[in-house]
1. Looking at region 382-404, can you tell me whether even one residue there is within 15 Å of Ala326 (Cβ to Cβ), surrounded by fewer than 21 Cβ atoms within 10 Å (Cβ to Cβ), in the same structural domain as Phe466 (by TED's automatic domain parsing) and touching a residue at least 40 places away in the same chain (Cβ under 8 Å)?
2. Can you name the residue in region 305-344 that is touching a Phe, Trp or Tyr at 6+ places or on another chain (Cβ under 9 Å) and hydroxyl-bearing (Ser, Thr, Tyr) and is also nearest to Thr416 (Cα to Cα) among such residues?
3. Looking at region 315-324, is at least one residue crowded, with 18+ Cβ neighbours inside 10 Å, touching a Leu at 6+ places or on another chain (Cβ under 7 Å) and free of Cβ contacts under 8 Å to residues at least 40 places away in the same chain?
4. Among Asp437, Asp420, Asp456, which is surrounded by fewer than 21 Cβ atoms within 10 Å (Cβ to Cβ), free of Cβ contacts under 8 Å to residues at least 40 places away in the same chain and within 30 Å of the chain's Cα centre (by Cα)?
5. (1) in contact with a helix residue (DSSP H, G or I) (Cβ under 6 Å, 6 or more places away or on another chain); (2) at pLDDT 90 or above: which one isn't true of Leu378, the others all being true?
6. I need the full set of residues from region 469-484 which are out of contact with any helix residue (DSSP H, G or I) (no Cβ under 8 Å at 6 or more places or on another chain) and buried (at least 22 other Cβ atoms within 10 Å of the Cβ), in order please.
7. Which members of region 610-642 meet the condition of being outside any loop (DSSP other than H, G, I, E, B) and closer than 15 Å to Lys585 by Cα?
8. For Arg587, only one of the following conditions fails: (1) assigned by TED's automatic domain parsing to the domain that holds Leu522; (2) of a type in the set (Lys, Arg); (3) surrounded by fewer than 24 Cβ atoms within 10 Å (Cβ to Cβ). What is its number?
Amino acid sequence: MDSVRRLSLAVTTLAWASATCACGSPAAVSAPQRLPRPASFFRPTAPAPGDLAAGRGLCPMAGLTTGDQRVRLTLEGDVVFDTDKHDLKPAALGALAKIKTTVIDAHPGARIAVEGHTDDRGSVEHNMGLSDRRATSVASWFEHNGITSDRIARQGYGKAHPKVPNTSDLNRSKNRRVEIVVSWGNESTAQAAASCPTVQACCDLGSPSGCLGASLGADGWGSDLGSRGMEDSEGVLRLNACVATRSPAVWITSTNENKVARLDEQDGKEVFRVPTWGAYPQRTAVAGDGSVWITNRDSGSYVHLSPDGKLQCSSRYKTCYTRAAAVDSRGFAWIGCHDTGDLIQVDPKQTEGTTEVDGVEGEKATVPKCKELGRVKLEEVAPYGLAADRSGGLWVGTDGGPVAKVDTVGRRILMTVKPDQDPKLEKCWAPYGITIDRDGNPWYANYGCKSVVKLDGATGRVLGVFKGGPEGLEHPRALGADQRGHIWVSENASHFVDELAADGTFVRRVDTKACEGGEAPLGVASDSEGDMWVALPSTGRVMQFRTDGTFLSCAPTNAPPFQNPYTYSDFTGASQQMSGSETGKTRVQLEQSASVRWKLLSMRVATPAGTSVCVRARAAESRPALAAAGWGEAQCPRSKDWTAARLSLGQGLVGKVLEVELELSSSDPASTPMISDLTAAAVPAGK
């Protein structure tokens with residue numbers, strides 16, 4: 001083991017009172033204690049805009065947590081170091097430079113604690129040595145770049161302090177990390193929480209003596225948070241602000257049989273094929289939870305299907321000529337009406353009344369009607385495609401003429417753009433497909449002009465007109481963006497998809513004939529693992545391939561071909577991951593020994609601007625029986641700062657086990673909602 005100076009790292013912890021006192025009143029705050037534990041272990045406070053703004057641009061390499069005058073940045077070990085090595089990789093140098101300029105230099109005199117952590121594989125001695133050498137490498141970089149050694153502490157902790165349980169390869173990758181804590185000013189401020197002689201929810205219910213209270217068990221928020229883009233930081237559930245999560249969903253319309261199929265992105269197998277409850281399904285928009293919105297063109301309707309294919313709601317038939325769909329940065333669905341120029345905003349969680357639709361065999365069925373929140377009337381623009389950006393903007397595609405950008409929050413037109421007036425287009429403008437890049441710039445497939453057009457997301461001006469490689473682009477009809485920010489173009493008059501870099505530079509061509517002679521590709525999109533999918537109506541299949549062009553599968557691999565997979569909008573959720581909200585969802589259970597009536601949930605919540613927390617619950621007599629239980633209505637408490645939230649369960653949910661689902665979302669990669677101190681109040685089932 002390298003000989004290094006070991007500094008004892010300690011941190012002032014926030015004292016959260018637990019003494020018995022009157023309900024709702026704060027307890028006395030005990031004196032701050034010094035504990036021999038990593039400096040990175042601190043309870044985060046509600047983030048202020050200025051605190052988190054300093055971390056912009058650090059993703060995806062660094063995660064960010066704020067505390068009282070301190071920031072924790074988490075560097076993924078596999079990105080910073082090679083396996084079992086401690087030399088900094090080139091990719092790490094840029095991240096460390098950004099940390100120095102955006103965080104450390106912003107607080108002159110700040111103190112820096114550098115910690116190395118490993119997973120559970122290997123001996124204690126080996127992991128301690130490796131983590132110590134890695135911490136020293138990072139600390140030495142700071143010293144060589146102008147930070148005096150007396151401001152830096154370093155320590156290797158080996159496998160003693162995992163971030164998440166070492167229960168999977170994914171979790172182990174989260175635990176192989178270097179954490180950097182930057183502290184400044186006075187850190188001794190303590191914060192008190194409301195206390196109660198029983199659980200807080202019983203005090204909030206108003207009957208602590210006769211209440212049957214429950215708190216989270218030993219597992220806390222759960223053991224698989226890492227795979228859900230979340231983390232437990234000293235009992236506080238929060239998003240990992242640099243991990244955009246979405247369910248692995250690939251939805252393909254089988255248009256001529258009025259059905260849609262969900263495919264397994266690992267092997268291309270069909271999971272199920274279900275009706276779309278309307279005629280001629282065409283556009284799709286996949287939400288972060290894996291659910292899908294579908295426009296049924298010929299019935300003039302749209303529907304929302306759950307991740308397991310169940311109908312959540314439908315619009316009325318003949319709502320309009322539905323030719324566009326997208327999910328915005330806050331999770332709301334938008335439907336484009338090509339005939340009227342309307343954009344319809346739809347609530348993904350609520351319904352209003354019922355409507356009649358065609359069932360599986362043509363019989364009529366009465367189903368929940370989707371709740372329309374509002375409309376935007378476009379001028380000169382007939383919606384033919386939609387793409388949302390991270391800042392709340394929505395770009396409208398068209399089959400000719402002007403395009404538009406809409407503010408999804410204020411439901412108003414921000415700008416109308418006429419690209420055909422730009423000389424770069426050489427008087428040729430015949431757009432079709434649309435996608436959005438990482439910078440919020442819309443790209444249009446200039447179908448009849450054999451080019452792709454990129455607009456500036458802020459001004460609408462034409463940034464570039466791109467014609468692919470030496471072979472050109474034969475009728476580019478559909479576009480999709482991969483996880484690297486590259487744009488993929490389907491040549492509908494040939495058998496190729498083309499890859500363009502973010503600046504429009506041609507990268508490669510991939511032959512779709514690898515999938516049973518497939519030609520005339522349509523929709524192209526990236527899945528949650530970064531692989532690409534392209535719909536091939538000529539064969540009724542969908543080709544899966546890697547971004548280097550390696551063929552993977554010709555789906556569905558276990559079912560008959562689709563009848564015209566007419567998909568060319570977002571069908572994997574790639575748009576939501578690229579430009580929508582970061583979302584994490586987990587479920588926790590609270591339990592009593594006998595059946596009770598669960599009445600109230602109590603928690604502390606912080607939802608800075610651009611973030612949200614939504615909670616819903618259900619109850620059953622046993623954990624296995626929960627799957628068949630119905631959910632109560634979702635509630636979304638809002639508070640810019642830490643605030644106690646009390647969520648009524650109405651007349652109560654009866655059962656031994658209460659399951660609570662928590663959904664955290666953020667449309668800002670530098671901010672996160674937070675939840676702590678979840679408790680539940682119940683009364684005997686007969687009351």
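1. Initially, region 382-404 is screened for residues within 15 Å of Ala326 (Cβ to Cβ), giving 383-398, 403-404.
Then drop every residue that is not surrounded by fewer than 21 Cβ atoms within 10 Å (Cβ to Cβ), which leaves 391-392.
Now drop any that are not in the same structural domain as Phe466 (by TED's automatic domain parsing), which leaves 391-392.
Checking which are touching a residue at least 40 places away in the same chain (Cβ under 8 Å) leaves us with 391-392.
Looking through region 382-404, at least one residue is within 15 Å of Ala326 (Cβ to Cβ), surrounded by fewer than 21 Cβ atoms within 10 Å (Cβ to Cβ), in the same structural domain as Phe466 (by TED's automatic domain parsing) and touching a residue at least 40 places away in the same chain (Cβ under 8 Å).
2. Taking the candidates together, the pick is Thr340.
3. No - not one qualifying residue is present in region 315-324.
4. Numbers: Asp437 fails: free of Cβ contacts under 8 Å to residues at least 40 places away in the same chain; Asp420 fails: within 30 Å of the chain's Cα centre (by Cα).
Asp456 is the lone residue from the list that is surrounded by fewer than 21 Cβ atoms within 10 Å (Cβ to Cβ), free of Cβ contacts under 8 Å to residues at least 40 places away in the same chain and within 30 Å of the chain's Cα centre (by Cα).
5. The number of the failed condition is (1).
6. Let us first name the residues in region 469-484 that are out of contact with any helix residue (DSSP H, G or I) (no Cβ under 8 Å at 6 or more places or on another chain), namely 469-474, 478-479, 484.
Correct list: Leu473, Ala478, Leu479.
7. Just the residues of region 610-642 that are outside any loop (DSSP other than H, G, I, E, B), to begin with: 611-620, 624-628, 635.
Of everything in region 610-642, those that are outside any loop (DSSP other than H, G, I, E, B) and closer than 15 Å to Lys585 by Cα turn out to be Thr611, Ser612, Val613, Cys614, Val615, Arg616, Ala617, Gln635.
8. (1) is the only condition that Arg587 fails.
The values are calculated or read from the model by the stated rules, or taken from the named source; none is laboratory data. Owing to the predicted nature of the structure, the values given are computational and were not obtained by experimental measurement. Every residue, glycine as well, gets a Cβ built from its backbone with ideal geometry; the counts of neighbours run over all protein chains shown.
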